[in-house]
Amino acid sequence: MGRKHIGVQDLTLEVEEGQIFGLVGPNGSGKTTTLKLLLGLVFPNKGGGQVLGFPLGHPAYKERIGFLPEGPYFYDHLNAPELLRFYGGLFGYGGASLEATIQRLLELVDMWDRRHIRIRNYSRGMLQRVGVAQALINDPDLIFLDEPTSGLDPIGAMNIREIIVRIREQGKTVFLCSHLLKEMEPLCDHIAILNRGLLVMAGSVDSLLAGPEGIYMLRAHSVSADVVKSLGSYATEVKAWDSEIEATFADQKLAAKAVQAVTDAGGVVRELTPFRRSLEEVFISAVGGEN
Ligand SMILES: Nc1ncnc2c1ncn2[C@@H]1O[C@H](COP(=O)(O)OP(=O)(O)O)[C@@H](O)[C@H]1O
Ligand SMILES: [Mg+2]
């Protein structure tokens, strides 16, 4: 029954220890499928891999990983310590050491003060935070989070990102899946981009987003038409809207000259940075807007 569906193919990924690794791509690109392969919940028709040195699906690594699925469901009559006691029990933990772990984890996710609230009364952000604590109950070396911030408001999403950084600070490796390119860009050390089940590109965020060496970009406003015109003679490119400009320069000296020219004429510099593409730009140029 059913026709064959290819979730991901020809995918090669390498995740280094201690990193925040982001698997990004639009909905349906195969992120969750990849995660399930790594968790040993589904198996590839071809190919293989290792997690923490063990082959895909091997029980030996499963006790050293944590997992928060997308849109988790928990028994909602429980409060956070009860929930974590339940998950800790699944690993055979108990007693004072489990209680200490529960307090440490709820403090990590900023839920200790609200530990008496029942899950049914949680906001989505609280649910995700307790979900992250759940995924850490076995002190894993590697934690998988599927779309951990989707559906959260900006503050809720920021809280989760802060928690993810704290997890890395503890020396753990974080494997994130997200379709939110803008959010992943500042958070991740390494990124792999999937599209329609295929790997588009992978690498360190810096290498993926870096522009050609030495190029600078200047953003300024209240720039007079004369100055805009003069920039045209030594900038690589000038985009101007009324008195707003965005200009690129082949080196730092030319950029500094432009800053001088803009400020001398009463303009205001907003930003001068080494030219860097956004993850969205990289993604769209790689897939050619074919989505
Ligand atoms: N159990 C399944 N059976 C058939 N197709 C599936 C199944 N799970 C996912 N797919 C399909 O596989 C593709 C990748 O899905 P998924 O890995 O969930 O993507 P993402 O997490 O990037 O949104 C999609 O086209 C999806 O519809
Ligand atoms: Mg998914």
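The values are calculated or read from the model by the stated rules, or taken from the named source; none is laboratory data. Note that this is a predicted model, so its numbers are computed, not measured. Every residue, glycine among them, receives a Cβ derived from its backbone with ideal geometry; neighbour counts consider all protein chains shown.
State whether the residues of region 114-130 include one that is in contact with an Asp or Glu (Cβ under 6 Å, 6 or more places away or on another chain) and farther than 20 Å from residue 31 by Cβ.
The answer is yes, given that some residue of region 114-130 is in contact with an Asp or Glu (Cβ under 6 Å, 6 or more places away or on another chain) and farther than 20 Å from residue 31 by Cβ.
Any residue in region 224-253 that's without any contact (Cβ under 8 Å) to a residue 24 or more places away in the chain: show its pairings with residues that are exposed (fewer than 14 other Cβ atoms within 10 Å of the Cβ) at Cβ separation under 7 Å, as long as the two are six or more apart or on different chains.
From residues that are without any contact (Cβ under 8 Å) to a residue 24 or more places away in the chain, the pairs are 238/232.
Looking at region 139-148, is at least one residue on the phi < 0 side of the Ramachandran plot, part of a helix (DSSP H, G or I), touching a strand residue (DSSP E or B) at 6+ places or on another chain (Cβ under 6 Å) and touching a residue at least 12 places away in the same chain (Cβ under 8 Å)?
Among the residues of region 139-148, not one is on the phi < 0 side of the Ramachandran plot, part of a helix (DSSP H, G or I), touching a strand residue (DSSP E or B) at 6+ places or on another chain (Cβ under 6 Å) and touching a residue at least 12 places away in the same chain (Cβ under 8 Å), which makes the answer no.
Only one of 156, 131, 125, 151 is at positive phi and either of a type outside the set (Lys, Arg) or assigned to a strand (DSSP E or B) (or both). Can you tell me which?
So the residue among 156, 131, 125, 151 that is at positive phi and either of a type outside the set (Lys, Arg) or assigned to a strand (DSSP E or B) (or both) is 151.
Of the residues in region 1-27, how many are in contact (Cβ under 8 Å) with a residue 40 or more places away in the chain and within 16 Å of ligand 2 (Cβ to nearest atom)?
Qualifying residue count for the region: 12.
Could we say that residue 101 is of a type in the set (Val, Ile, Thr), in contact (Cβ under 8 Å) with a residue 24 or more places away in the chain, in the same structural domain as residue 180 (by TED's automatic domain parsing) and within 16 Å of ligand 1 (Cβ to nearest atom) here?
no
Farther than 30 Å from residue 95 by Cα and not aromatic (Phe, Trp, Tyr): does that describe residue 141?
No: the conditions fail for residue 141.
Filter region 40-58 for residues that are surrounded by fewer than 20 Cβ atoms within 10 Å (Cβ to Cβ) and aliphatic (A, V, I, L, M); which is farthest from residue 117 (Cα to Cα)?
56
Examine region 209-222 for a residue that is under 21 Å from residue 281 (Cα atoms), within 15 Å of the chain's Cα centre (by Cα) and not basic (Lys, Arg), and state whether such a residue exists.
Yes, region 209-222 contains a residue that is under 21 Å from residue 281 (Cα atoms), within 15 Å of the chain's Cα centre (by Cα) and not basic (Lys, Arg).
List the number of the failed condition for residue 61; all other conditions in (1) more than 25 Å from residue 16 (Cα to Cα); (2) of a type outside the set (D, E, K, R); (3) buried (at least 18 other Cβ atoms within 10 Å of the Cβ) hold.
Here residue 61 clears every test but (1).
For region 213-236, which positions are of a type in the set (S, T, N, Q) and out of contact with any strand residue (DSSP E or B) (no Cβ under 8 Å at 6 or more places or on another chain)?
If the condition is that a residue be of a type in the set (S, T, N, Q) and out of contact with any strand residue (DSSP E or B) (no Cβ under 8 Å at 6 or more places or on another chain), then 224, 230, 233 are the ones that fit.
Assuming residue 138 fulfils every condition listed in (1) within 14 Å of ligand 2 (Cβ to nearest atom); (2) polar (S, T, N, Q); (3) at pLDDT 90 or above apart from one, which condition is it?
Failing condition for residue 138: (1).
Any residue in region 32-44 that is outside the structural domain of residue 147 (by TED's automatic domain parsing), in a loop (DSSP other than H, G, I, E, B), under 22 Å from residue 58 (Cβ atoms) and not aliphatic (A, V, I, L, M)?
Within region 32-44, none of the residues are outside the structural domain of residue 147 (by TED's automatic domain parsing), in a loop (DSSP other than H, G, I, E, B), under 22 Å from residue 58 (Cβ atoms) and not aliphatic (A, V, I, L, M).
Please work out if residue 70 is of a type in the set (Asp, Glu), more than 26 Å from residue 176 (Cβ to Cβ) and either more than 16 Å from ligand 2 (Cβ to nearest atom) or outside any strand (DSSP E or B) (or both).
For residue 70, the condition - of a type in the set (Asp, Glu), more than 26 Å from residue 176 (Cβ to Cβ) and either more than 16 Å from ligand 2 (Cβ to nearest atom) or outside any strand (DSSP E or B) (or both) - is not met.
Please specify each residue of region 22-52 satisfying the condition of being modelled with pLDDT of 90 or more and more than 15 Å from ligand 1 (Cβ to nearest atom).
40, 51, 52
Check region 91-109 and report whether any residue there is modelled with pLDDT of 95 or more, not small (Gly, Ala, Ser) and not in a helix (DSSP H, G or I).
yes
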